[in-house]
Amino acid sequence: MADADLMAAMVLKAPGEALEACRIPRPKPGPEEVLVQVSACAVCRTDLHVIDGDLAQVKQPVVPGHEIVGRVAAVGDGVSRLACGDRVGIPWLGWTCGRCRYCRSDQENLCEQARFTGCTLDGGYAEYTVADARYCFPLSDDEPDAALAPLLCAGLIGYRCLVACGDAERLGLYGFGAAAHIVAQVARFQGRRVFAFTRSGDAPAQAFARRHGAVWAGASDQPPPETLDAAILFAPVGALVPLALAAIRPGGTVVCGGIHMSDIPAFPYDLLWREKRLVSVANLTRRDGEAFLALAQQVPVRTDIELFPLREANTALGRLRAGHLTGAAVLVPGNA
């Protein structure tokens, strides 16, 4: 195969292994698909769950990455809504059946046949990727590619979590990283007050939260200075669930925003009583994406990012795993 038909990619060949830098065939778009030249791909905690084998459905080998910004390089048969040169965002949800009870009731995020970018479909840790054109979001040209990339999951899932909180005015965010720093900006725009919870002694994360408008920042095992109306758990730590339930008012809501979480310990029923709600958020819908991306422009959301060349994906993932990032890591193919 000619070198022009190959591309650089970081490939997961087996769960628990480091990603391997490879030259693999450049994909070609099929019907309803587009070939996208990747400009930036943010690194998400879900990528760690893919790599660690926490998610059962991951294909092998797979190119991870689902917070993708790029330009359409080719279109397949039947594509009419996108054209070569268009800038698009590619999210986690990559395809749904369109026929099941969930797809027919505006719950395509729960489709049992759904396919996911960077998990059951090859993703954005590469120079090119193929995506279903119907699941790509057109993007305006008013922000740099790398700045927009975290919106495609940290932003989208954070927004779905925020919607699940209803009209909560006093909002707790457990784990203040890529998703929380985006949600905090949206929450402030909506007139909410943000209380940030971090690992004990993590002064940099607490300062980061305050810079993004948190009215209070402290350790996750501390009670907040005021009773909360709702809380969102971005940290995948089941032990935080009873702490968050204890922090909210009667009738309040705790939202678990991760795709994977450690076991939730037993807790007394009294923590849940008085009509408190404990809910999870799964995936996203295209409607979520359209609503959030429009709202992000109004706010406007500004992301804190750290750039890494594509070949340094393992370094970026290691920094995320160790909690050494504030904001989001973003991989840039071709970056020296």
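Laid out as a table, the results:
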read-out: Cβ pairs under 7 Å, 6+ apart, first in the range 141-156 and farther than 18 Å from T46 by Cα, second among the polar types (S, T, N, Q); value: D145/S39; A147/T303
read-out: Number of the exception - L48 against (1) more than 22 Å from G258 (Cα to Cα); (2) surrounded by 16 or more Cβ atoms within 10 Å (Cβ to Cβ); value: (1)
read-out: 3 or more residues under 25 Å from G53 (Cα atoms) and of a type outside the set (D, E): qualifying strands (runs of 3 or more DSSP E) within the range 73-141; value: 93-95, 128-132
read-out: Residues of the range 89-116 that turn out to be in contact with a Gly (Cβ under 7 Å, 6 or more places away or on another chain) and within 14 Å of L156 (Cβ to Cβ), as a count; value: 3
read-out: Every residue from the range 277-313 that is under 21 Å from A329 (Cα atoms), among the hydrophobic types (A, V, I, L, M, F, W, C) and assigned to a strand (DSSP E or B); value: I305, L307, F308
read-out: Qualifying residue in the range 317-327 (condition: surrounded by 19 or more Cβ atoms within 10 Å (Cβ to Cβ) and farther than 19 Å from A147 by Cβ); value: yes
read-out: Subset of the range 41-58 (residues that are under 14 Å from the mean Cα position of the chain (by Cα) and not in a loop (DSSP other than H, G, I, E, B)); value: C41, A42, R45, T46, D47, L48, H49, V50
read-out: Matching residues, the range 136-159, being surrounded by fewer than 22 Cβ atoms within 10 Å (Cβ to Cβ) and not hydrophobic (A, V, I, L, M, F, W, C); value: P138, S140, D141, D142, E143, P144, D145
read-out: Unmet criterion (only one of (1) within 22 Å of R211 (Cα to Cα); (2) under 15 Å from the mean Cα position of the chain (by Cα); (3) not in a loop (DSSP other than H, G, I, E, B)) for G172; value: (2)
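Here, each number is a calculation from the coordinates, and none is a lab measurement. In this text, all values refer to a predicted model and were calculated from it rather than measured experimentally. Note: ideal-geometry Cβ built from the backbone for every residue, glycine included; neighbour counts use all protein chains shown.
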